[in-house]
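First up is the structure itself, then whatever we jot down about it.
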Amino acid sequence: MPVQSRVNGALGTRLDDGLAAALVSFSVGLVVMILISVLLPRGRAGAAQLLPALRERRFPRYYVLAGAIGGYFVLSQTLTVAVLGVAVFTVAAVAGQTLTGLVVDRLGIGPAGKKALTVMRVVGAVLTIAAVAWAVSPKLAGTSEASDLLLPVLLPLTAGMLMSFQQAMNGTTGMHYGTPITATLVNFIAGTAVLGLMWLVKVAVSGVGQPLPGEWYLYLGGPTGCVFIGLSALLVRSLGVLLTSLGMIGGQLIGSLLLDIFLPAPGSVVVAATVLGTLLTLAAIVLATLPWNMPGVLRRR
């Protein structure tokens with residue numbers, strides 16, 4: 001996800017059009033998923049289950065629109081990363097995703113069913129948000145006034161909140177298709193369609209804009225999105241939405257740290273707060289994951 005954020009933000013800057021960048025990212029991802037669905041036996045088998053699953057109402061039909069949430073998330077990346085920076089974007093998205101992850105698990109919307117709202121799960125979720133804020137705090141120092149960031153930060157915050165519901169919906173549909181490959185394919189179909197309609201309206205109003213850049217790495221946002229959506233659809237079945245989200249948040253911080261070390265952005269410096277905040281995030285994930293309600297654990301406590 002840090003790679004996707006950086007790539008999509010850079011593409012949006014090059015095109016001077018966040019909506020076009022989001023559409024390009026989703027279109028590339030859709031091509032990748034079509035190839036995977038055609039070439040892999042499990043992809044073909046899952047695609048064959050798509051229409052029967054809809055006809056038999058194995059899940060609410062609006063679940064196929066989960067990709068629109070992914071489109072909104074990518075759109076928020078391309079529109080706000082250049083304004084907020086990756087650090088503020090990450091904190092806002094993590095906060096929204098973690099808080100609604102608790103709610104989605106408590107309601108039992110995902111395929112893993114209801115998850116008890118234990119004290120340790122809540123503590124782990126809150127500690128994760130605090131740890132992420134600490135990890136990115138060095139990058140927050142140079143941001144604009146808080147009042148200037150309030151409106152832009154609502155986009156990643158609400159996008160993060162909706163991502164928990166997307167994960168639950170994808171996990172459910174992937175279970176009925178028999179593979180997360182088809183759930184990911186349907187996501188990219190829905191997201192590309194929604195973003196394409198929005199882009200056509202924009203073109204009618206203000207024209208096409210800048211031509212596509214020639215650098216190949218600016219088109220990696222789509223493939224990384226395929227990995228993210230596919231893995232979340234697979235993991236949410238057993239882990240639930242909250243733990244899947246927390247695990248991926250830990251991965252995002254580790255990925256951000258590795259990017260800052262090996263492919264740093266201009267002016268980027270790795271400091272102690274970044275490393276310690278990342279370690280605290282991993283500790284918070286362990287805290288939320290441990291089976292604190294098991295008798296053996298309670299006796300040891």
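The values are calculated or read from the model by the stated rules, or taken from the named source; none is laboratory data. Quick caveat: nothing in here was measured; it's all calculated off a predicted structure. Using ideal geometry, Cβ is built from the backbone for each residue, glycine included, and neighbour counts are taken over all protein chains shown. We work out accessible area using only protein heavy atoms, side chains counted, and drop any ligands, DNA or RNA first. Shrake-Rupley method; radii C 1.70, N 1.55, O 1.52, S 1.80 Å.
Overview of results
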quantity: Helices (runs of 4 or more DSSP H) lying entirely in segment 7-68 (those with 3 or more residues that are in contact (Cβ under 8 Å) with a residue 12 or more places away in the chain, in contact with a His (Cβ under 6 Å, 6 or more places away or on another chain) and on the phi > 0 side of the Ramachandran plot); calculated: none
quantity: Output for segment 239-259, where each listed residue is surrounded by fewer than 19 Cβ atoms within 10 Å (Cβ to Cβ) and modelled with pLDDT under 85; calculated: Leu257, Leu259
quantity: Test set (1) touching a helix residue (DSSP H, G or I) at 6+ places or on another chain (Cβ under 7 Å); (2) at pLDDT below 90 - Glu145 fails condition number; calculated: (1)
quantity: In segment 29-68, residue farthest from Gly160 (Cα to Cα) [restricted to those that are aromatic (Phe, Trp, Tyr) and open to solvent by less than 70 Å² (accessible area, probe 1.4 Å)]; calculated: Phe59
quantity: Residue in segment 269-277 that is open to solvent by 40 Å² or more (accessible area, probe 1.4 Å) and touching a Lys or Arg at 6+ places or on another chain (Cβ under 9 Å) present; calculated: no
quantity: Residue match in segment 227-234 (condition: more than 17 Å from Ala68 (Cβ to Cβ) and of a type outside the set (A, V, I, L, M)); calculated: yes
quantity: Search result, residues across segment 88-131 that are in a helix (DSSP H, G or I), within 29 Å of His176 (Cβ to Cβ) and open to solvent by 50 Å² or more (accessible area, probe 1.4 Å); calculated: Leu99, Val103, Arg106, Leu107
quantity: Close pairs (6 angstrom Cβ cut-off, 6 or more residues apart or separate chains): on the phi < 0 side of the Ramachandran plot and open to solvent by 20 Å² or more (accessible area, probe 1.4 Å) in segment 213-235, part of a helix (DSSP H, G or I) and among the aliphatic types (A, V, I, L, M) anywhere; calculated: Tyr219/Val28; Leu220/Val7; Pro223/Val32; Thr224/Val3
quantity: Count of segment 156-177 residues which are over 24 Å from Phe89 (Cβ atoms) and either surrounded by 24 or more Cβ atoms within 10 Å (Cβ to Cβ) or modelled with pLDDT of 95 or more (or both); calculated: 4
quantity: Subset of segment 188-210 [surrounded by 18 or more Cβ atoms within 10 Å (Cβ to Cβ) and either within 16 Å of Leu15 (Cα to Cα) or basic (Lys, Arg) (or both)]; calculated: Leu195, Trp199
